[in-house]
Structure formats: C-alpha cells, structure tokens
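Take a look at the structure set out below.
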Amino acid sequence: MTPQAVLLILQKRAKQAGVESFSPHDFPRTFCSDLLDAGIDIVTVQKLAGHASPVTTAKYDRRGEEVKRRAVQKLVGVLGGGFLV
C-alpha cells in the first residue's frame, strides 16, 4: 500500500466521521501532546516518538501558558511559598 493510498483512506474516514480539517501530521502531534499533557517528561516523549533531539519534540508541545503557570505554582509549593507569583 502506498503512502498516497493510506492518505486517501484516512481522508475518507475523517470525512465520514465529520472531521473538517485533517492532516496525517495530526497523529504524531496528538501523540506527543497527549503524553506531555499527561506529565510525561520531554526526553521520554522524544524517545517514544523516535526523535533524535528533544528540540524536535518541543515543537509538538501545544500546552500553552496554563502549563507554565502550574509549573511555577508547583515550584513555589516545593520552595515553601516564599515567592510571590
């Protein structure tokens, strides 16, 4: 089966499921994002995704500012809350 044939099948199924916008690249992006959302560290996600560098994996990180805010709150908790955030 050719890559084009796989793409056509995926596009057909996406249309049947009512998915308006779809790209095969959505699969690895979702895979990496879901792992990062679950709290898996970036090096482990890198290895699972088969990336040579965590820099590549970081490009898939779509968690946004909320995750950064929670990370700072965790750090403040660990440090005893001695810092204002």
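The values are calculated or read from the model by the stated rules, or taken from the named source; none is laboratory data. Computed from a predicted model, the values in this text were never measured in an experiment. Glycine also receives a Cβ, built like all others from the backbone with ideal geometry; neighbour counts cover every protein chain displayed.
Odds and ends about this structure:
- Complete set of residues in the stretch 13-46 that are β-branched (V, I, T), within 17 Å of K68 (Cα to Cα) and part of a loop (DSSP other than H, G, I, E, B): I40
- The stretch 47-59, subset among the small types (G, A, S) and in a helix (DSSP H, G or I), residue modelled with the highest pLDDT: A49
- Whenever a residue of the stretch 24-37 is modelled with pLDDT of 90 or more, its partners that are of a type in the set (G, A, S) and surrounded by 12 or more Cβ atoms within 10 Å (Cβ to Cβ), lying with C-beta atoms within less than 9 angstrom and at least six residues away or across chains, give the pairs P28/A49; F31/A49; C32/A49; L35/A49.
- Test result for R62, in a helix (DSSP H, G or I), among the charged types (D, E, K, R) and surrounded by 11 or more Cβ atoms within 10 Å (Cβ to Cβ): no
- Contacts under 6 angstrom Cβ, first residue in the stretch 50-63 being closer than 19 Å to A38 by Cβ, partner outside any helix (DSSP H, G or I), 6 or more apart: T57/H51
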